[in-house]
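Laboratory data are not the source of any read-out in this text; all were calculated from the coordinates shown. This is a predicted model, so every value here is computed, not measured. All Cβ positions, even for glycine, are placed from backbone atoms using ideal geometry, and neighbour counts span all protein chains on display.
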Ligand SMILES: [Mg+2]
Ligand SMILES: [Mg+2]
C-alpha cells in the first residue's frame, strides 16, 4: 500500500477517499458524480432574528437509493461503497435491500451499476458490477461472499494519491 | 386546465406533482428518477435510550446540484423545476448559479439537462433544454425571460392525472 494507514477512524476512510476522488473527477471534467445528502425528516425549525435558520428537531430517514450517482462518458453511473473488517469474506448484511433493489433497477435501465468493496485490513479494493454481485449473492448458501470469489469476478484497484481511489478505469474495463 | 387548482399552498404544487410523476415512472419501470434530499449540516444528535436518534441542531446547507436526476432509456437525466407567479416572464433570479453550472456540466458530459418551468397563474408548463435556456439568458438584456420566448424554444406540456406532469414525452422530443 502506497499510503500510511494510521488514521484514527478508518471506518470513514473509504467514503472520504471516494468523495475526494469524485471531486477530482469533477474538477478535471472527467465525470460529474456527487454523493447524495443524508435524508433527514425535518420536524422543527427556529428562525432566530438576525441569524440563520436552525433545525431543532429532525430524524434520519431511510434512504431509497445508493449514496453516489452521476454521469461519465455520457453514461449513467450509480454505485455504493462498502467496507468490512472481515478478512476473508464480505458479509451480505452490509448491503441494504433498498440499495440492491435500486442498483438492479438502474442496471435494468441500461445504467452502469456497481459496488466498490474494501477489505479494510488488507486494504484491498474491488469494483464489481451490481448484476454480477446480485447473481453471486443469489447463488450463495453462505452469509457472506468469499474474497476469492469477489476477486475472480471484479476489477481490483490500488490506492493512489490523486485521486485516492481511481475507480473510473475499472468502470471502463467492466462496462465498455 | 383539467384539474382543480384550489389548493392552499400552490407554491409547492409543481414539486409535489413532479414527485408523484417520478414515483409513477419508477413503478412502471419507465425511468428511475429520484429527488435529492435537502442537504443538511448536522451539528448535534441525541441518542435517547430505547428511542431513535434525534437531531437537535442542524443547518441547511447550500446544494451543489439540481433537485432531480436519474436514468431514462439508458440516458442520464438531470433537471430542476421552477415556478413563478409572474404572468409574462420568468425571473432569472429564480435560478441559482450552482444549479445552472451543474446543468451545464451535465450537458457537457452528454447528459440530458433541462428545466421544467411553470407559470403558476396560467398553469402553463414548459420543458426547455438547459443549453438553450443558458444561451437565451446569456443573450438577454433583461432580468427575466419572456414567456413568448420560452414558448418558442421549449415543449409545452399539459397537466394530466397519472402522472400529473408527464414530462418524459417532452424529453423524447427535445433530446431524441
Ligand atoms: Mg454507503
Ligand atoms: Mg427546486
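What to note about this one:
- Remark: mean inter-chain Cβ contacts per residue of A:32-41 equal 5, using a 10 Å Cβ-Cβ cutoff to other protein chain atoms.
- Taking every alpha-carbon pair under 8 Å whose residues sit at least 6 apart, region A:18-176 reaches a relative contact order of 19 percent.
- A point 7 Å from Cα along Cα→Cβ stands in for residue B:166, and the other copies hold the same point at 4.9 nm, listed in rising order.
- Note on residue B:173 and residue B:122: with the Förster distance fixed at 25 Å, the Cβ-Cβ geometry gives a FRET efficiency of about 0.70.
- Residue order, fewest to most beta carbons within 10 Å, for A:114, B:90: B:90, A:114
- Histogram of C-alpha separations across region B:20-62, 5 Å bin width, %: 6, 18, 13, 12, 11, 12, 16, 10, 1
- Between helix B:13-28 and chain B there is an angle of about 80 degrees, using the helix long axis and the longest principal axis of the Cα atoms.
- Along each principal axis, taking the top coordinate minus the bottom one, the Cα set of the protein assembly as shown gives 65, 49, 38 Å in descending order.
- Sites residue B:161 and residue B:61, calculated FRET efficiency, Cβ-Cβ separation with R0 41 Å, nearest 0.05: 0.70
- Degrees between helix B:130-139 axis and first principal axis of chain B (Cα, 0 to 90, nearest 10): 60
- Per residue, the average separation of C-alpha pairs within less than 8 Å and at least 6 apart gives region B:102-176 a relative contact order of 26 percent.
- Between residue B:132 and residue B:30, the simple spin-label model (points 7 angstrom out along Cα→Cβ) gives 2.0 nm.
- 7 Å along Cα→Cβ, label-point gaps from residue A:28 to other copies, nm, shortest first: 4.0
- Cα extents for region B:58-176 along the principal axes, largest to smallest and rounded to whole angstrom: 35, 35, 35.
- Over 13 Å [Cα-Cα, region B:111-157], rounded percent: 54
- Per-residue [θ]222 nm for chain A (sum of -39500 (n - 2.57) over DSSP H runs n ≥ 4, rounded to 500): -9000 deg cm²/dmol
- Put in order of Cβ neighbour count within 10 Å, fewest first, the listed residues A:167, A:95 become A:95, A:167.
- The value of relative contact order for region B:29-112, using C-alpha pairs under 8 Å at least six residues apart, is 27 percent.
- Helix B:97-108 and the longest principal axis of the Cα set of chain B meet at an angle near 70°.
- Converting the Cα gyration tensor eigenvalues of region B:40-112 into ellipsoid dimensions via √(5λ) gives semi-axes, longest first, of 34, 20, 12 Å.
- Each part gets one Cα centre, and for region B:62-104 versus region B:115-130 those centres are 11 Å apart.
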